[in-house]
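Enquirer: A single structure is presented below for examination.
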Amino acid sequence: MMSYFTHKLNRIAVRITLYSFSLETVLFLVVLAVETITVVAIIPVLIAALLNLIILIVSILNTLVNYKDFEENISTLLMVLINIAIGLLYQNLIN
């Protein structure tokens with residue numbers, strides 16, 4: 001999958017998005033299993049959300065600068081946006 005992304009910023013964004021998604025999913029499952037840890041799980045999710053927001057801004061700027069690789073940049077943007085949406089969904093399901 002990483003061979004599809006030729007720009008270094010896109011590869012970094014996809015990796016961080018994957019790690020963020022994994023962390024959010026594990027914490028979501030832990031909170032579902034043990035409902036007393038919701039306060040502990042909120043802090044890493046907020047950090048991941050802030051990181052995803054920064055990655056989204058950098059990816060948008062990368063799309064504007066490297067417009068000739070439009071398909072790769074849009075794929076990265078979609079992955080980041082889907083990750084943010086899933087994180088928000090997890091938060092809504094917990095609360």
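Enquirer: Considering (1) among the hydrophobic types (A, V, I, L, M, F, W, C); (2) over 10 Å from the mean Cα position of the chain (by Cα); (3) modelled with pLDDT of 85 or more, say which one Val45 fails and leave the rest.
Expert: With respect to (1) among the hydrophobic types (A, V, I, L, M, F, W, C); (2) over 10 Å from the mean Cα position of the chain (by Cα); (3) modelled with pLDDT of 85 or more, Val45 is out only on (3).
To keep it simple, each residue is scored yes or no on (1) at pLDDT 90 or above; (2) among the acidic types (Asp, Glu); (3) loosely packed, with under 13 Cβ neighbours inside 10 Å.
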| position | (1), (2), (3) |
| --- | --- |
| Leu29 | no, no, yes |
| Val34 | no, no, yes |
| Ile37 | no, no, yes |
| Ala41 | no, no, no |
| Ile55 | yes, no, no |
| Asn83 | yes, no, no |
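Enquirer: Would the range 62-71 turn up any residue that is over 28 Å from Ala33 (Cβ atoms), β-branched (Val, Ile, Thr) and in a helix (DSSP H, G or I)?
Expert: Yes - at least one qualifying residue is present in the range 62-71.
Enquirer: Is it the case that some residue within the range 35-58 is part of a helix (DSSP H, G or I) and over 26 Å from Leu93 (Cβ atoms)?
Expert: yes
Enquirer: Output the residues belonging to the range 16-30 that are under 13 Å from Asn52 (Cβ atoms) and touching a residue at least 12 places away in the same chain (Cβ under 8 Å).
Expert: If the condition is that a residue be under 13 Å from Asn52 (Cβ atoms) and touching a residue at least 12 places away in the same chain (Cβ under 8 Å), then Ile16, Thr17, Ser20, Phe21, Leu23, Glu24 are the ones that fit.
The values are calculated or read from the model by the stated rules, or taken from the named source; none is laboratory data. Here the structure is a predicted model, which is why all the values come from computation and not from measurement. All Cβ positions, even for glycine, are placed from backbone atoms using ideal geometry, and neighbour counts span all protein chains on display.
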